[in-house]
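Single-structure report; data block below.
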Amino acid sequence: MAAKLLPVLKLATKVTIAGGALYVTYDSGLLGGSEQGSEVLGKAKAAIPPAVDEWVKYFGFELPAFPKIGFSPVEAWNSGVQSSISALSSGPTTLGGYTNQGLQYLKDLTK
């Protein structure tokens with residue numbers, strides 16, 4: 001009985017952890033718009049260094065300085081969307097050009 005219950009318990013634990021992580025992500029606003037993501041990133045930047053300093057003092061070891069991150073999720077999101085849409089819109093034309101090149105190559109081989 002215990003051998004059959006253990007895999008179910010492991011699966012339930014994994015699903016609970018994944019569901020909790022998804023809930024916290026959604027609740028904090030990371031799955032919202034780019035402005036919300038930028039706001040959450042700013043909150044995380046403000047909250048993480050004091051927490052790390054507290055842990056460093058507690059454990060008594062020294063960490064290297066944190067690098068400065070000059071990252072704007074709004075700009076990264078917009079450039080990612082623009083490049084994806086650009087690739088999708090130029091896809092049929094590019095595919096047609098590659099098809100013509102392939103056909104020309106096959107014609108040249110048969111001559």
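The values are calculated or read from the model by the stated rules, or taken from the named source; none is laboratory data. Quick caveat: nothing in here was measured; it's all calculated off a predicted structure. A quick note on method: Cβ atoms are made from the backbone with ideal geometry, for glycine too, and the neighbour counts reach across all protein chains shown. Protein only, heavy atoms only, side chains kept; ligands, DNA and RNA dropped before computing areas. Shrake-Rupley method; radii C 1.70, N 1.55, O 1.52, S 1.80 Å.
Does ALA18 count as within 21 Å of the chain's Cα centre (by Cα), open to solvent by less than 80 Å² (accessible area, probe 1.4 Å) and at negative phi?
Working: within 21 Å of the chain's Cα centre (by Cα): yes; open to solvent by less than 80 Å² (accessible area, probe 1.4 Å): yes; at negative phi: yes.
Yes: the conditions hold for ALA18.
Answer yes if at least one residue in the range 56-78 is polar (S, T, N, Q), without any contact (Cβ under 8 Å) to a residue 24 or more places away in the chain and surrounded by 10 or more Cβ atoms within 10 Å (Cβ to Cβ), and no otherwise.
Quick first cut of the range 56-78, residues polar (S, T, N, Q) only: 72, 78.
Within this subset, residues satisfying the condition of being without any contact (Cβ under 8 Å) to a residue 24 or more places away in the chain are none.
Looking through the range 56-78, none of the residues is polar (S, T, N, Q), without any contact (Cβ under 8 Å) to a residue 24 or more places away in the chain and surrounded by 10 or more Cβ atoms within 10 Å (Cβ to Cβ).
So, in the range 21-55, how many residues would count as being among the hydroxyl-bearing types (Ser, Thr, Tyr) and loosely packed, with under 12 Cβ neighbours inside 10 Å? Break it down stepwise before answering.
Residues of the range 21-55 that are among the hydroxyl-bearing types (Ser, Thr, Tyr), as a first pass: 23, 25-26, 28, 34, 38.
Going one step further and asking which of them are loosely packed, with under 12 Cβ neighbours inside 10 Å, we end up with 23, 26.
Qualifying residue count, the range 21-55: 2.
Mind counting the residues in the range 28-71 that are of a type in the set (Asp, Glu) and within 24 Å of VAL81 (Cα to Cα)?
2
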